[in-house]
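Contents: one structure, followed by commentary.
Each reported figure results from applying straightforward, stated rules to the coordinates on display, with no laboratory input. Remember, it's a predicted structure, so these values are computed and weren't measured experimentally. Positions of Cβ are generated from backbone atoms using ideal geometry, with glycine treated the same way; all protein chains shown enter the neighbour counts.
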Amino acid sequence: MFIRKISLPRRALLRGLGAGVALPLLDAMTPALARAAEIPAPVRRFGVVYVPNGMSMDYWTPKTTGALELTPILQPLAPFRERLLVISGLNSVSVNASSPHSRASTVFLTGALPGKSSRGAGQAATSLDQLVAREFGRQTQLPSLELGLDNLDAAGLCDANPCIMGNTISWRNSTLPLPPENNPRLVFERMFGDVGSTEPAARLAHMRQDRSILDSVMARAAKLQQGLGPGDRSRLSEYLDAVRDIETRIQKAEAQSGKEMPLVTQPSGIPDTFEDHIKLMYDLQVLAFQSDLTRVATFMYGREFSGRTYAEIGVPEGHHPLSHHQDDPEKLAMLAKVNTYHTKMFAYYLDKLKNTPDGDGSLLDHTLLIYGAGMSNSNLHDPRNIPVMLVGGPNQRIKGGRHLKYEGDSSANLLVTVTDKLGIPVDQIGVSTGKLDIDRV
């Protein structure tokens with residue numbers, strides 16, 4: 001072991017290079033002995049990637065249980081085989097066949113039947129990601145990020161009223177859905193504000209401006225409150241609670257303002273190609289985890305009923321029409337091609353996480369992910385045997401490199417199992433009846 005008595009200031013190196021690029025943390029930037037002592041304890045992170053319109057199941061499901069066989073759709077994930085736990089035989093919650101797509105997306109993380117409130121609005125239950133965010137979000141600026149790739153403003157492209165039931169997988173509570181954001185520019189603004197980059201000085205100045213505005217709002221509200229009746233006071237109190245939450249987030253942002261992160265400029269908007277779009281959205285998720293802005297993220301490849309075409313891989317037919325394949329071998333193969341392209345993009349994400357240092361390992365070492373769809377055979381809108389897998393490893397107490405098969409257990413039981421693996425066990429989620437024994441040989 002060589003101990004070097006040098007400490008090279010990172011920003012001095014950047015100035016010397018005359019480049020507006022952030023470098024990785026180099027050994028020469030901190031003394032060797034101090035470096036070992038300063039490595040922070042790793043934190044846990046949780047992510048979900050959702051695939052709409054079911055799956056080409058014969059191309060997804062391994063033929064045997066035990067040691068994981070990489071099927072055609074799983075093949076792009078070969079470098080991460082030992083981190084994959086593919087789970088078969090879990091059934092989603094059954095629902096009226098008139099809204100199978102809405103059921104698929106709503107149930108995926110809530111484990112509960114979708115319905116309508118007394119006011120006719122969509123109603124479900126608190127989703128898994130938001131249960132985790134309540135705990136993990138106490139230490140971060142943003143409790144969670146909800147991302148997607150489709151525009152959600154296309155009226156009528158759904159099988160339920162309201163359409164939000166098929167457009168999101170995240171629910172803060174039973175009546176508050178969290179629609180995903182698909183514009184990378186707006187995602188960046190949510191993460192860093194409208195400062196244009198991750199440059200620390202600009203971010204800190206923006207935070208101080210926001211704090212000044214909040215101080216002014218609080219002072220005026222205090223004066224206003226004195227002359228209000230009980231009902232208005234209650235409403236104003238709820239508003240001020242929201243303002244205080246923003247203030248808390250700003251305080252956390254200020255405390256983290258000195259944290260090293262890549263120097264990234266704000267995206268201009270949605271890229272022209274699907275592949276550039278999805279990679280940029282994955283890059284933003286990695287950046288959010290790397291900078292500890294949030295520890296929870298959900299990502300929808302598309303809303304249910306998505307008719308996206310994939311001409312870039314030779315699939316010109318829309319995703320949803322193609323998913324109604326009527327057991328046509330040619331259409332099933334084309335659907336599998338789309339599904340495989342999705343896992344190829346997921347592999348890009350896993351590779352970015354693997355190659356981003358975090359504590360004593362990488363972001364991938366400290367992140368638990370769910371990947372899957374809310375229905376299996378899309379031609380039948382089948383809620384049985386949904387395609388799902390966990391991606392983790394020893395740090396998440398996940399034994400990878402395996403395929404487990406259950407006999408009709410509720411998919412809600414997997415949600416309870418995941419909270420246990422994340423260190424925040426709950427008794428029940430949706431219609432769950434207990435945990436799955438995913439540690440069995």
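How big is the convex hull of the Cα atoms of the stretch 306-441, per residue, in Å³? All intermediate terms of the calculation are to be shown ahead of the outcome.
Numbers: hull volume 19.0 nm³, N = 136.
Per residue, the Cα convex hull of the stretch 306-441 comes to 139 Å³.
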Revision key, fill the gap. For the stretch 131-148, Karplus-derived ³J(HN,Hα) couplings (6.51, -1.76, 1.60; θ = phi - 60°; whole Hz; x for glycine and proline) come out as 4, 5, 4, 4, 8, 5, x, 5, 9, 10, 5, 10, x, 6, 10, 10, 10, x
Practice item. Would you please give the residues with an amide H less than 5 Å from that of G302, counting only those at least 5 places away or on a separate chain, with H modeled from the backbone geometry? Key: L149
Study note, to complete from the structure: Sorted on mean Cβ neighbours within 10 Å (highest first), peptides 311-320, 355-364 come out as 355-364, 311-320
Check your understanding: Taking the highest mean first, how do the peptides 43-50, 430-437 order by number of other beta carbon atoms within 10 angstrom per residue?
Key -> 43-50, 430-437
Check your understanding: Which whole-Hz ³J(HN,Hα) couplings does the stretch 368-380 yield from phi under the Karplus relation 6.51 cos²θ - 1.76 cosθ + 1.60, θ = phi - 60°, glycine and proline marked x?
Key -> 10, 10, 10, 10, x, 10, x, 9, 9, 5, 5, 5, 9
Review point. How large is ³J(HN,Hα) for each residue in the stretch 165-174, as worked out from phi by the Karplus curve 6.51 cos²θ - 1.76 cosθ + 1.60 (θ = phi - 60°), to whole Hz, x for Gly and Pro?
Key: 4, x, 9, 8, 10, 10, 9, 5, 8, 5
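What does the net charge come to around V86 if you take all other residues with beta carbon closer than 13 Å to its beta carbon, with K and R at +1 and D and E at -1? Spell out each step's value before the answer.
Working: positive: K63, R81, R83, K399, R402, K405; negative: E69, E82.
Around V86, the surrounding residues sum to +4.
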Exercise for review: Could you pull out every residue, at least 5 positions away or on a different chain, whose amide H is within less than 5 Å of the one on G393? Hs are placed 1.01 Å off N in the peptide plane, and Pro or chain starts have none.
Suggested key: I398
Check your understanding: Between K435 and residues 5 or more places away or on another chain, which pairs have amide H atoms under 5 Å apart, with H built 1.01 Å from N, and which residues are they?
Key -> none
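What pairs in K331/K435; K279/K399; K331/K354 have C-alpha atoms more than 32 Å from each other? Before the final figure, lay out the partial values.
Values: K331/K435 37 Å; K279/K399 28 Å; K331/K354 34 Å.
Listed pairs above 32 Å: K331/K435; K331/K354.
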